[in-house]
Amino acid sequence: MRAVENVILVAFVAAVIFTDWRWRRIPNAFTYPVMAAGLVLGALEAVPGELFVRGLFDHVAGLAVGFLVAYPFYAAGGLKAGDGKYLMAVGALRGLGLLMYGAVYGALIGGVIALGVIGVRRMRAAGNAEASMGGLMKTWIPYGVALGIGTLLALALELSGRLPGAAS
């Protein structure tokens, strides 16, 4: 079952990275089906007698925590709705463990991307009014790309056995 989840996850993340970079959007047509698939797969994990906590409960908790993590940032204007739904979809598909690692790695990668974008824009706009820090902070940062890369990093570490506390 985990292999099916991983295949869906990689395809989903690749699509999100592409669309967020290209069109600055994470479509609902990607996020909602992955949320539904994750909950169905979580229910199927619980059926053969595995612990309920590792099955449906973990997937529902991942969906809920994805929302709880994203909502304050969305409400403050730091995340777009698609970024929040992305986190919810990852949580529903793979549960709490991968969601939390992916979100932390994504936040760190997002910070590096933001510093790079701000540095490049500041050099380009030297002497221009848009070079103020306030103007630069209002520029678009591809946060779905950062979250996607963070998720793929967490998945790679999990598959290699280097992610603490993660079960492959």
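The values are calculated or read from the model by the stated rules, or taken from the named source; none is laboratory data. In this text the structure is predicted, and so the values were computed from the model without any measurement. Every residue, glycine among them, receives a Cβ derived from its backbone with ideal geometry; neighbour counts consider all protein chains shown.
Numbers below:
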quantity: Qualifying residue in the range 66-84 (condition: at pLDDT below 90, surrounded by 12 or more Cβ atoms within 10 Å (Cβ to Cβ) and more than 17 Å from Asp20 (Cβ to Cβ)); calculated: no
quantity: Which listed residue, of Glu5, Glu45, Glu50, is of a type outside the set (Lys, Arg), at pLDDT below 95, farther than 16 Å from Ala107 by Cβ and in a helix (DSSP H, G or I); calculated: Glu45
quantity: Filter result (among the β-branched types (Val, Ile, Thr), touching a residue at least 40 places away in the same chain (Cβ under 8 Å) and under 21 Å from Ala37 (Cβ atoms)) within the range 64-106; calculated: Val90
quantity: Total residues in the range 140-163, condition part of a helix (DSSP H, G or I) and of a type in the set (S, T, N, Q); calculated: 1
quantity: Hits in the range 53-102 (condition: touching a Gly at 6+ places or on another chain (Cβ under 9 Å) and not in a helix (DSSP H, G or I)); calculated: Gly55, Lys80, Gly95
quantity: Filter result (over 15 Å from Gly144 (Cβ atoms) and either in contact with a Cys (Cβ under 7 Å, 6 or more places away or on another chain) or modelled with pLDDT of 85 or more (or both)) within the range 113-126; calculated: Leu115, Gly116
quantity: Residue match in the range 10-22 (condition: more than 11 Å from Leu93 (Cβ to Cβ), in a loop (DSSP other than H, G, I, E, B), modelled with pLDDT of 95 or more and out of contact with any Leu (no Cβ under 6 Å at 6 or more places or on another chain)); calculated: no
quantity: Close pairs (8 angstrom Cβ cut-off, 6 or more residues apart or separate chains): among the charged types (D, E, K, R) in the range 1-28, surrounded by fewer than 14 Cβ atoms within 10 Å (Cβ to Cβ) and not in a helix (DSSP H, G or I) anywhere; calculated: Arg2/Ser168; Arg24/Trp140
quantity: Filter result for Val90 (closer than 28 Å to Trp140 by Cβ, buried (at least 20 other Cβ atoms within 10 Å of the Cβ) and either modelled with pLDDT of 95 or more or not charged (D, E, K, R) (or both)); calculated: yes
quantity: Only one of Leu147, Leu96, Leu155 that is modelled with pLDDT of 95 or more, surrounded by 14 or more Cβ atoms within 10 Å (Cβ to Cβ) and within 23 Å of Ala43 (Cα to Cα); calculated: Leu155
